[in-house]
Amino acid sequence: MKFKFKKDKRNPYWKKLELRIQKNAAKKDKKFILTGPWKKFLEKRDGIKIYLVDGNWIRNNLYGGFNHGGHGYVCEYIPLDEIWVLTTHPVDCKCKHVKPNRMMSKNFRKSLILHEFTERNLMAKGMIYWKAHQLAEEVEKKAGYIRDPYSDI
């Protein structure tokens, strides 16, 4: 069965920005690596380093719109061989069933890492963000770590 992509109805600015970041990804300075107490190594998977990051620090110092996770094909400041995932849900996220302390469950984090990993690999092969994101959500759903990618149960 062929996947039916949703039409992208977002502001054209986002499409252009995402495409520019993706096209310029290979030109990144490999020596540019951000480090600090806000970034903790979690694991390495297929050559990709996965880090837990402090969302408040990211939003205050790098990008105010950083959501649950990211990688080098969507965020200029993340190296291509890294995936960053937050330790907590952002205050303004629309996820359901978030704990009062906003900590992510282990299953939500597993699902998020799978999503970012899938999306990153599809974009590395040339797929645009909008499509890669939708396919990554499908992979998340099939993996079954959580019932819904927008719910922490």
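Read-outs throughout are calculated quantities, based only on the coordinates presented, and are distinct from any laboratory measurement. Fair warning: this is a prediction, and the values are worked out from it, not measured in the lab. For neighbour counting, all protein chains shown are included, and Cβ atoms are generated from backbone atoms with ideal geometry for every residue, glycine included.
What do you reckon, is Phe66 surrounded by 10 or more Cβ atoms within 10 Å (Cβ to Cβ), in contact (Cβ under 8 Å) with a residue 60 or more places away in the chain and not basic (Lys, Arg)? Answer is no for this residue. Residues being in contact with a strand residue (DSSP E or B) (Cβ under 9 Å, 6 or more places away or on another chain) and either crowded, with 16+ Cβ neighbours inside 10 Å or more than 17 Å from Asp8 (Cα to Cα) (or both) are entirely absent from region 125-146.
Looking at region 103-118 only, could you name the residues that are under 13 Å from Tyr150 (Cα atoms) and either touching a strand residue (DSSP E or B) at 6+ places or on another chain (Cβ under 8 Å) or in contact (Cβ under 8 Å) with a residue 60 or more places away in the chain (or both)? Result: Met104, Arg109, Leu112, His115.
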